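Structure record follows, encoded as C-alpha cells.
The values are calculated or read from the model by the stated rules, or taken from the named source; none is laboratory data. Only a predicted model underlies this, so the values are computations on that prediction, with no experimental measurement involved. Virtual Cβ from ideal backbone geometry, glycine too; neighbours counted across all protein chains shown. These area figures cover heavy atoms from the full protein model, side chains too; ligands, DNA and RNA do not enter into them. Shrake-Rupley method; radii C 1.70, N 1.55, O 1.52, S 1.80 Å.
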Amino acid sequence: MPGPGLFADVTPLRESVGFRWLWAGQSLSSIGSFMTMVAVAIQTYELTGSSVAVGAISLASLVPTLLLGLFGGSLADAVDRRRLVLLTGCGLMVVSLVFALQALLDWRQVWLLYLLTATAAALAAIDTPARRTFIPRVLPLERLQAAAALSQLSFQVAVIAAPVLAGVLIAAAGLEAAYGVDALTFVAVLVSVRRLPPMPPDGGGSKLGLRSVLEGVKYAATHKLIGMIFLIDLNATVLAMPTALFPALAATRFGGGPQTVGYLFAAIGIGGLIAAVLSGPLARLRHQGRAMLISVAIWGAGIGSVGLTHNLWLAVLFLATAGAADIITTVFRATILQTKTPDDLRGRLNSLDFIIGLGGPNLGNVRAGAIAGLAGPTASILTGGLACVLGVLLLATNKTFRRYDAKAPTE
C-alpha cells in the first residue's frame, strides 16, 4: 500500500459508511452551532448594549458543562449511546427552534437567551462524550488518527466559515434565520446517528453514579499516557491562551481597531485549517507523545512571539504557526485517548477531555486578562508563552510519554 500523502487522509471516509455519515452530520452541526453562537452574541448586544452581558454568555455555557460533564460521561457508559445521542440531539434541535421562535416573535428577553444557552450546554455535556465513543466502533484502530484529522478539518472550516455565513444571513433575513439553520443541521445529525446499529458499552456498561465518575477520573490519573495528554493540553491552554488579549494588543501594540482584532482571531483558525488540510504526513509519526510535546512548545513560542513584534503581519504569522501546531496536538491527543481507553470507559474519558477542552481555554483567558490588568497585554502574552514552553520542558521529563511508540506492540 502507498504511504500517506501530503493532504489529509480520507481513507476513513472511503472505507466506512458509518463514519462518512457521522462526519457529514457533525460537520453541518458545527457550522450551525457556531452560527447560533454568533447570533446569540449579536442579539444580546442589541438588547443590552453591554459587552459584559455578551461575556456572560460564556459563563452561562461553562457552568452547566462543568457541573454535568463528568456525569454525562458516566451516563454514556451506562446506556445505549446511540439512543442517548438521539435523545440529546432532539433536545438540542428543540432548543434551536425556541431560539428561532423568540427571535421571530421579538420577545426581547435576555434571561431567556441565557437560559437557552445553559440548556444547550447541559445537553451538549451529555451528547458530546457519548457521540465521541462512536468513532472507535465504526473504524479500526489504525484509522483513528486519520479520523481525528478529518474531524479537525471540518471543525476549522466551521470556525472560519460559520461567522461569515451567520453575518450575511442575519443581515439578509434576521436572527431567526441563523437559529433556524442551526435547527435544520440537527436533522443531518439525527439521520447519521439513526443509521448506526445499537451502541451499548462493552460488558453491559457501568452503573450510573459518583463511583462510576471517580473510576473514570482514577483511570485517567493513573494511566501513563492519558494523564499526560490532559496535562499537556492544560499547559497549553491555561498558560498561553491569547484571545482575551487581542483587543488590547490590537489597540496598544499594532495601532488598529476591530479589523485588526479580526485578523488576530482569524490567524489561529487559518493556521489550523492549513495544518488539517496538510495532515497526511502525521500518519508517519510513530512517537506521538514526543510530537505532542514539540507542537505544544511551538504553540507557546508562537503565542509569546506576538509580544516581541509591532508588525501586525509578523504577529499574524506567529499566530498562524501556533494554530497549526495546535491542530497537531489535538490530533494526537484524540488518537491516544481513543486507542488507549477501553470501550466501557470511553464515555467518562471523553467527558474529561470535553471539560478540559472547554475549561482550559476559559481559565487561560482569565489568567491572561488578570496579568494584563497588572502588567499590560504585552507582558501577559510574553509570560504566558514562556510559561508554556517551560511547562513543556518539565513535562518532557516523563520518559514513558516522550518515548511512546504508537507502532510498537506494547506501550
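Here the label points at W111 and E142, each 7 Å from Cα along the C-beta direction, are separated by 5.9 nm in the simple model.
D202 sits with roughly 90 Å² accessible to a 1.4 Å probe, with DNA, RNA and ligands left out of the calculation.
Taking square-rooted eigenvalues a ≥ b ≥ c of the alpha carbon gyration tensor, is segment 339-411 rounded, prolate or oblate, where a/c under 1.5 means rounded and, failing that, a/b exceeding b/c means prolate? Mind showing how you got there, number by number?
Working: a/c = 5.08, a/b = 1.69, b/c = 3.00.
Since a/c reaches 1.5 but b/c is at least a/b, the shape of segment 339-411 is classed as oblate.
Bridgeable aspartates and glutamates around K207 (alpha carbons under 19 Å apart, same-chain partners fewer than 8 residues away excluded): D77, D80, D127, E215, D343, D344. Taking one quarter of the surface of the convex hull spanned by the alpha-carbon atoms of the chain gives a direction-averaged projected area of 19.6 nm².
Where in the chain are the DSSP H helices whose C-alpha atoms run 20 Å or more along the long axis and whose mean Kyte hydropathy is at least 1.0? Write down the numbers at each step before the final one.
Values: long enough: 17-48 (47 Å, 0.72); 51-76 (36 Å, 1.79); 81-104 (34 Å, 1.45); 110-132 (32 Å, 0.95); 144-173 (40 Å, 1.78); 175-194 (30 Å, 1.38); 226-240 (21 Å, 1.95); 258-277 (28 Å, 1.54); 288-305 (25 Å, 0.93); 312-340 (42 Å, 1.28); 346-375 (42 Å, 0.47); 377-395 (27 Å, 1.94).
Result, helices passing both filters: 51-76, 81-104, 144-173, 175-194, 226-240, 258-277, 312-340, 377-395.
For H287, the solvent-accessible surface computed with a 1.4 Å probe is close to 70 Å², ligands and nucleic acids excluded. Note on segment 221-358: Rg/Rh from C-alpha atoms, Kirkwood Rh, equals 1.03. A cut-off of 5 Å between modelled amide H atoms, ignoring neighbours fewer than 5 places along the same chain, links L285 with no other residue. FRET efficiency for the pair V63 and I274, taken as 1/(1 + (r/R0)^6) with r the Cβ-Cβ distance and R0 = 45 Å, rounds to 0.85.
Calculated on C-alpha atoms, the gyration radius of segment 53-185 divided by its Kirkwood radius gives an Rg/Rh of 1.01. Have a look at L319, L139, L374 and tell me which one the Gaussian network model of the chain (Cα, springs below 10 Å) gives the largest fluctuation. Among L319, L139, L374, the largest mean-square fluctuation in the Gaussian network model of the chain belongs to L374.
With contributions of -39500 (n - 2.57) from each DSSP H run of at least four residues, the per-residue ellipticity at 222 nm computed over the chain stands at -26500 deg cm²/dmol.
Its relative contact order, with pairs defined as Cα atoms under 8 Å and 6+ residues apart, puts the chain at 27 percent.
Could you work out how much longer the chain between F7 and R402 gets when fully extended? Use 0.36 nm per residue separation minus the Cα distance between them, nm to one decimal. Mind showing how you got there, number by number?
Details: separation 395, 0.36 × 395 = 142.20 nm, distance 2.64 nm.
Net length gain for the segment: 139.6 nm.
Heavy-atom accessible surface of the chain, averaged per residue, reaches 44 Å², computed with a 1.4 Å probe. Once C-alpha pairs closer than 8 Å and six or more residues apart are averaged by separation and normalised to the residue number of segment 53-192, the relative contact order reads 40 percent. Expressed as a whole percent, the accessible area of segment 208-277 that falls on carbon and sulfur atoms is 71 (1.4 Å probe). Dipole of the chain (Lys/Arg Cβ +1, Asp/Glu Cβ -1, origin at the Cα centre): which of S351, Q145, A396 lies farthest to the positive side? Ranked along the dipole, the leading option is A396.
If you wrap segment 280-385 in the convex hull of its Cα atoms and look at it from every side, the mean projected area works out to 7.8 nm². The alpha-carbon of K407 sits under 24 angstrom from the alpha-carbons of these lysines, leaving out residues fewer than 8 places away in its chain: K224, K340, K399.
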